[in-house]
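Presented below is the structure to which this report refers.
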Amino acid sequence: MFTSHMRIGAFLDSLITDMGLYNDRDRGFYRDRMNETLTFLYTAVIRERAEGKATPLGGLIACADIPTPDGTAAVQPSDILAVYCGSHQLRYLPPENLHAADGMSCCFYTVTEDGILLSHANTVQPLRVIFTIRPPQYGADGEDACLPMPEEFVPLVAAKIRGDVYRAANEDELSAKWLAVYNSLLSDFYDYLAARRRR
């Protein structure tokens, strides 16, 4: 995960103060917008991957049983990208088709709201799960943590929050202005990520 030197508490203090007349919403509102923005950026834009090993129980690996890197949130079903048994990648089947794999020699998997469901309930060896990491949901007690973004893209998060706050206040013109700033910075962020991946 990325990290900046900006503490979340200081980031929110600065943002709320700068909003002036629009800072009448409680701090939790701003923190929720920040969490939504960070989750979107990590799951849809950054798409950093991690791997965790977990042993199925009765043909199921609960998402909570998949270990995640320090400082990241628990795996969600939508984060799961691939499942391996040793070096063999298991094939994905939609939930409604998993029963069709009964009796087949190879193992298939599907993803449900409970986790990873295997076509062979007797599989007991640890499996490798590849997933997209996401930042934790920061609460009031997490404001001492650093904002998990590259230093130069802290304004990207601020612009999105500003746009959302102005939209909630029915200030469409100001909302559109800040969301345009966000989209411009988001384009730069895509370029930044592409340059990093080429290295």
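The values are calculated or read from the model by the stated rules, or taken from the named source; none is laboratory data. No experiment lies behind these values; they were computed from the predicted model shown. Heads up, the Cβs are rebuilt from the backbone with ideal geometry, glycines too, and the neighbour counts pull from every protein chain shown.
Kindly provide the set of residues from region 75-95 that are farther than 13 Å from VAL111 by Cα and surrounded by 14 or more Cβ atoms within 10 Å (Cβ to Cβ), ordered by number.
Restricting attention to region 75-95, the residues satisfying the condition of being farther than 13 Å from VAL111 by Cα are 84-89.
Passing the criteria: TYR84, CYS85.
With respect to ILE161, determine if the residue is crowded, with 17+ Cβ neighbours inside 10 Å, in contact with a Lys or Arg (Cβ under 6 Å, 6 or more places away or on another chain) and at pLDDT 95 or above. Let's see the steps before the verdict.
Values: crowded, with 17+ Cβ neighbours inside 10 Å: yes; in contact with a Lys or Arg (Cβ under 6 Å, 6 or more places away or on another chain): yes; at pLDDT 95 or above: yes.
Judged against the criteria, ILE161 is a match.
Of all residues in region 1-51, those satisfying the criterion of being surrounded by 13 or more Cβ atoms within 10 Å (Cβ to Cβ), small (Gly, Ala, Ser) and farther than 12 Å from TYR138 by Cα are SER4, ALA10, SER14, ALA50. Annotation: of all residues in region 52-74 being surrounded by 19 or more Cβ atoms within 10 Å (Cβ to Cβ) and more than 17 Å from the chain's Cα centre (by Cα), the one that is nearest to VAL129 (Cα to Cα) is ALA54.
Out of the residues in region 112-131 that are surrounded by fewer than 21 Cβ atoms within 10 Å (Cβ to Cβ) and hydrophobic (A, V, I, L, M, F, W, C), which is modelled with the highest pLDDT? Here the answer is ILE130.
Being in a loop (DSSP other than H, G, I, E, B) and either among the aliphatic types (A, V, I, L, M) or more than 24 Å from the chain's Cα centre (by Cα) (or both) is the filter here, so list the residues in region 1-22 that pass it.
To start, the set of residues in region 1-22 that are in a loop (DSSP other than H, G, I, E, B) comprises 1-6, 19.
Once the filter is applied, which keeps residues that are in a loop (DSSP other than H, G, I, E, B) and either among the aliphatic types (A, V, I, L, M) or more than 24 Å from the chain's Cα centre (by Cα) (or both), region 1-22 yields MET1, MET6, MET19.
In region 183-195, the residues that are assigned by TED's automatic domain parsing to the domain that holds GLU152 and farther than 20 Å from PRO148 by Cβ reach residues that are of a type outside the set (Val, Ile, Thr) and part of a helix (DSSP H, G or I) with C-beta atoms within less than 9 angstrom, at least six apart or across chains, in these pairs: ASN183/ALA159; SER184/ALA159. Among residues of region 162-179 that are within 17 Å of THR37 (Cβ to Cβ), those with a beta-carbon under 9 Å from a residue that is of a type in the set (Val, Ile, Thr) and assigned to a helix (DSSP H, G or I) at least six positions away or on a different chain give the pairs ARG162/VAL181; GLY163/VAL181; ASP164/THR37; SER175/VAL165; TRP178/ILE161; TRP178/VAL165.
Among residues of region 125-148 that are farther than 28 Å from ALA54 by Cα, those with a beta-carbon under 8 Å from a residue that is of a type in the set (Ser, Thr, Tyr) at least six positions away or on a different chain give the pairs ALA145/TYR138; CYS146/THR3; CYS146/SER4; LEU147/THR3; LEU147/SER4. Does region 106-118 include one or more residues that are part of a strand (DSSP E or B), touching a Cys at 6+ places or on another chain (Cβ under 7 Å) and over 26 Å from LEU186 (Cα atoms)? Among the residues of region 106-118, at least one is part of a strand (DSSP E or B), touching a Cys at 6+ places or on another chain (Cβ under 7 Å) and over 26 Å from LEU186 (Cα atoms), which makes the answer yes.
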